[in-house]
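A quick write-up on the structure given underneath.
The values are calculated or read from the model by the stated rules, or taken from the named source; none is laboratory data. Small disclaimer: the values here were computed from a predicted structure and weren't measured. As a convention, Cβ positions derive from the backbone with ideal geometry for all residues, glycine included, and neighbour counts pool all protein chains shown.
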Amino acid sequence: MANRVEPPGEDWVPRTKLGMMVKQGIIFSYSDILKNNYVVKEPEIVRALVPNLEYEVLEVRLVQKMTDSGRRTKFRALVVVGNRDGLIGVGTGKAKEVPSAINKALNNALLNLTPVKRGCGSWECGCGTNHSIAHVSKGSWGSVEVTLKPGPRGLGIVAGETAKKVIELAGVEDVWAIAFGETRTPISFAMATYDALRNTYSLVYKERKEGV
């Protein structure tokens, strides 16, 4: 079940120039950030500029690592965030406690927020609304490859459970998702689906301005 992403508190102290511009009201739209290819380094910027964000925890699992001092155990969380209106992000986070791991994963997902080019690219429909994606898009992560194909209105999301949750929060209502590889691994499946959604609008991410 999706949860609401809360805006930053009044005590938020920006650590970057972009954060200060947002808090001062100089930048008041996330589309301005995308248009200028700014690099967002503070999750509070996204919290402040994008209303109606929701997130869902896709997985929490125990991970172990051998070090010189012995075996260390942490929790790894996988989180998807979106506004159901063309913005989507997926992130991971590790911590000794589950709530901290989820919070880190959420912040990571907010920093990875990307636009999705929606439309009606299905030859069976042609309604001209943004219920699907505009064209076929592919993405990959690890051993998993995902191909998204536009679907006619009323089709719904034909995809595995993990991919379906990512696509839903992106605001895509009708689509075919074809996946190959180890889809039983939630992190690879979710990130490959996210990559396919991001590639619908990949021109936005070809170049980014650094040092902001």
- Within segment 1-52, the residues that are in contact with a Pro (Cβ under 7 Å, 6 or more places away or on another chain), among the charged types (D, E, K, R) and at pLDDT below 95 are Lys23
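Which residues, taken from segment 91-101, are buried (at least 17 other Cβ atoms within 10 Å of the Cβ) and part of a helix (DSSP H, G or I)?
The answer is Ala101, and nothing else.
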- Task: Give Val98, Val80 a once-over and let me know the one that is more than 30 Å from Asn130 (Cα to Cα), in contact (Cβ under 8 Å) with a residue 12 or more places away in the chain and touching a strand residue (DSSP E or B) at 6+ places or on another chain (Cβ under 6 Å).
- Result: Val98
- Query: Out of (1) under 15 Å from the mean Cα position of the chain (by Cα); (2) surrounded by 16 or more Cβ atoms within 10 Å (Cβ to Cβ), what's the single condition that is false for Arg76?
  - Reply: (1)
- Scanning segment 34-68 for residues that are without any contact (Cβ under 8 Å) to a residue 24 or more places away in the chain and closer than 27 Å to Ser100 by Cβ, which turns out surrounded by the fewest Cβ atoms within 10 Å (Cβ to Cβ)? Asp68
- Message: On the basis of being under 20 Å from Pro14 (Cβ atoms) and touching a Phe, Trp or Tyr at 6+ places or on another chain (Cβ under 8 Å), does Val116 make the cut?
- Response: no
- May I ask you to say which residue of Val144, Val166, Val158 is among the hydrophobic types (A, V, I, L, M, F, W, C), closer than 24 Å to Pro51 by Cβ and modelled with pLDDT of 95 or more? Val166
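Residues being among the hydrophobic types (A, V, I, L, M, F, W, C) and loosely packed, with under 13 Cβ neighbours inside 10 Å: count how many of those fall in segment 9-33.
Here the count works out to 3.
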